[in-house]
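For reference, the structure is listed below as structure tokens.
The values are calculated or read from the model by the stated rules, or taken from the named source; none is laboratory data. It should be emphasised that the depicted structure is a prediction, and the values quoted were computed from it without experimental measurement. Every residue, glycine among them, receives a Cβ derived from its backbone with ideal geometry; neighbour counts consider all protein chains shown.
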Amino acid sequence: GDSVTQMEGPVTLSEEAFLTINCTYTATGYPSLFWYVQYPGEGLQLLLKATKADDKGSNKGFEASYRKETTSFHLEKGSVQVSDSAVYFCALRSKAAGNKLTFGGGTRVLVKP
Amino acid sequence: GAGVSQSPSNKVTEKGKDVELRCDPISGHTALYWYRQRLGQGLEFLIYFQGNSAPDKSGLPSDRFSAERTGESVSTLTIQRTQQEDSAVYLCASSLDVQPQHFGDGTRLSIL
């Protein structure tokens, strides 16, 4: 079945550091890939998405590239801010599995001033 | 409101009791999903409704769990004879067909 593996946290960074959160997946066919973010005390929000190979999703300075050859969708940001402290979830949706999302375990990121 | 609304936001109950969790999706969204998030873990899919099609119940962990949806509106997730391992945040999401899902703030369920 479908699965998503992402790096375990917590990841602790200083402000303006470069952030990478690795995400790899196993799925049937060609899934759509997503990053969701959960800020402290808030609900889950869509951060970015990519629906086909070689697509790049981007939002709020974050980017992730859909790499079919490595089945990866790593999240990156060049210069993090304290406000980026949150839990980040990688997820996929494959047609073969219906429209439900399969999530990774989440990565907690803490940015210190 | 504009977003997915869930109630109650918190629920504390004794082991063995039944609980009902409610979800009001975004108006016009045809698809509705329930997920469970245990402490420190990712989200687990529970059940999915799409229009008038039969729901996808493949994620329900036991027959103590059930859910209903009235048309394309409110959904209720029911857990019977609750156990301590049912303690989690239960998240509802809705979407327009295969568009990205929008999540509610969840119901935090604690079983004593």
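A few notes on this one:
- The residue pairs whose first member lies in the stretch B:23-40 and is closer than 20 Å to B:S7 by Cβ, whose second member is modelled with pLDDT under 90 and of a type in the set (K, R), and whose beta carbons are closer than 8 Å, counting only pairs six or more residues apart or on different chains, are B:Y33/A:K100.
- When residues in the stretch B:80-111 are screened for being more than 18 Å from B:S9 (Cβ to Cβ) and not in a strand (DSSP E or B), 11 of them pass.
- Residue selection: A:Y30 fails the criterion of being among the hydroxyl-bearing types (S, T, Y), within 14 Å of chain B (Cβ to nearest Cβ), in contact with a helix residue (DSSP H, G or I) (Cβ under 9 Å, 6 or more places away or on another chain) and over 24 Å from A:G98 (Cα atoms).
- B:A54 being in a loop (DSSP other than H, G, I, E, B), out of contact with any strand residue (DSSP E or B) (no Cβ under 8 Å at 6 or more places or on another chain) and either among the basic types (K, R) or closer than 25 Å to A:G1 by Cβ (or both): yes
- Look at (1) within 11 Å of chain A (Cβ to nearest Cβ); (2) touching a Cys at 6+ places or on another chain (Cβ under 8 Å); (3) buried (at least 18 other Cβ atoms within 10 Å of the Cβ) and you find that B:S5 fails only one, number (3).
- Test: residue in the stretch B:81-91 that is buried (at least 21 other Cβ atoms within 10 Å of the Cβ), facing chain A (nearest Cβ under 9 Å) and either closer than 16 Å to B:S5 by Cα or not hydrophobic (A, V, I, L, M, F, W, C) (or both): yes
- Of all residues in the stretch B:57-79, those satisfying the criterion of being in a loop (DSSP other than H, G, I, E, B) and surrounded by 16 or more Cβ atoms within 10 Å (Cβ to Cβ) are B:G59, B:L60, B:E72.
- For the stretch A:44-57, the set of residues classified as more than 11 Å from chain B (Cβ to nearest Cβ) and among the charged types (D, E, K, R) consists of A:K52, A:D54, A:D55, A:K56, listed by residue number.
- Among residues of the stretch A:80-89 being more than 9 Å from every other protein chain (Cβ to nearest Cβ) and under 21 Å from A:S32 (Cα atoms), the one that is surrounded by the fewest Cβ atoms within 10 Å (Cβ to Cβ) is A:V87.
- Within the set B:G71, B:G59, the sole residue that is at pLDDT below 95, touching a Leu at 6+ places or on another chain (Cβ under 6 Å) and not acidic (D, E) turns out to be B:G59.
Rundown of residues vs (1) without any contact (Cβ under 8 Å) to a residue 40 or more places away in the chain; (2) more than 11 Å from every other protein chain (Cβ to nearest Cβ); (3) of a type in the set (G, A, S), yes/no style:
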position	(1), (2), (3)
A:M7	no, yes, no
A:T12	no, yes, no
A:L19	no, yes, no
A:T26	no, yes, no
A:E42	yes, no, no
A:G78	no, yes, yes
A:A96	no, yes, yes
A:L101	no, no, no
A:V111	no, yes, no
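- Those residues of the stretch B:90-112 which are among the hydrophobic types (A, V, I, L, M, F, W, C) and under 17 Å from B:Y48 (Cα atoms), in sequence order: B:L91, B:C92, B:A93, B:L96, B:V98, B:F103
- Among residues of the stretch B:50-78 that are farther than 22 Å from B:L96 by Cβ, those with a Cβ under 6 angstrom from a residue that is among the small types (G, A, S), sequence gap 6+ or separate chain, pair up as B:T78/B:S66.
- Residue satisfying all of: in the stretch B:47-63; more than 11 Å from chain A (Cβ to nearest Cβ) and under 17 Å from B:S27 (Cα atoms); nearest to the chain's Cα centre (by Cα) among these: B:G51
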